[in-house]
Amino acid sequence: VGDGAAGDRDSGPLALLPDAAAPGLGGTAGFARPGYRPLSARDARTRLAFGRLLAGEERILLRGTSRWWWLVAAALNVAGLVVPAGLTGPYGASTALLLSACWIWPLLIWSRLGARRRENGVDVLLGACPGAYRQVTAEWLAGLALTLLTGIGPLLRLVVESDGPRIAAWVAGALFIPSLALLLGSASRSHRLFQALYLALWYGAVNQLAAADYMGTVLVHGRPSGPSWLLVAGAGLAMLALTFGIRAGVHSTR
């Protein structure tokens, strides 16, 4: 009997299963392996719920954006992709100038981050809901996705030219912008503070003020001369952490 069972195990359908999954052969049901934990139904539901939350945050953030807005954003990114990064003009390097244009165009949309809850009159309702950290994460990721999308053209140009320092500065700027918007929106509960502060910061970077350069557009000999990309990225993550603290404090009082 033992030999017959072994033969069935080796040649039949059970041969497709790992040893631990073969019923009646001393193993346990399922694909159990050392260090492997199957995805539970609860984990699957959590991931699906967060995906829906993220998609909803993205739709709310972009609500009311016209096709003309997207056409301008696309044109800026196409120009940032096709124009060589080393080409210079009266206002400096072309890619730096085009990136500056790409990352001022979504100003009004970014300013909704953290503020629309209060301005739309749903702050109390959402503050009483569980999962405050997930809400903050989804809202930040929605802003990050917008930042990546609206600056992708200049980034691809830098990748083509293998310009590592400016790619790093681009990544740091992409982390910095939505973090700043979300923090100021959550702290002030208004879109106006971010609009004013970001516009001043952007204006300084465009006018070659190195201390205000958060996206690597102030160049000396073709390399960013502003704050280190590590400092900018670290500031972005620190602002995100502060936002979590603000939202946690608000949530605990509901």
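The table that follows gives values for the structure above.
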item: Solvent exposure, largest accessible area first (probe 1.4 Å, DNA, RNA and ligands not counted), of L141, L197; result: L197, L141
item: Segments 204-212, 64-72 sorted - mean Cβ within 10 Å per residue, highest first; result: 204-212, 64-72
item: Heavy-atom accessible area ranking, 1.4 Å probe, most first, across W103, W140; result: W140, W103
item: Relative contact order computed over region 142-254 (Cα-Cα under 8 Å; 6+ residues apart), in percent; result: 29 percent
item: For region 146-227: accessible area per residue (Å², 1.4 Å); result: 42 Å²
item: Contour minus Cα-Cα distance for S162 and R52 (0.36 nm per residue); result: 36.0 nm
item: Net charge, L155 excluded, C-beta distance under 13 Å - Lys, Arg +1, Asp, Glu -1; result: 0
item: Net length gained if the chain between L108 and L230 were fully extended (0.36 nm per residue, minus Cα distance); result: 41.2 nm
item: Whole-Å distance, taken between Cα centres, linking region 132-178 and region 204-254; result: 12 Å
item: Accessible surface ranking that places the most exposed of E161, E139, E57 first, with a 1.4 angstrom probe; result: E161, E57, E139
item: Segment A75-S188, length gained on full extension (0.36 nm per residue, minus Cα span); result: 37.3 nm
item: Förster radius 25 Å - calculated FRET efficiency between A248 and L149, Cβ distance, rounded to 0.05; result: 0.30
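The values are calculated or read from the model by the stated rules, or taken from the named source; none is laboratory data. Owing to the predicted nature of the structure, the values given are computational and were not obtained by experimental measurement. Glycine gets a Cβ as well: all are built from the backbone with ideal geometry, and neighbour counts include every protein chain shown. Side chains included, ligands, DNA and RNA excluded: accessible areas come from the protein's heavy atoms. Shrake-Rupley method; radii C 1.70, N 1.55, O 1.52, S 1.80 Å.
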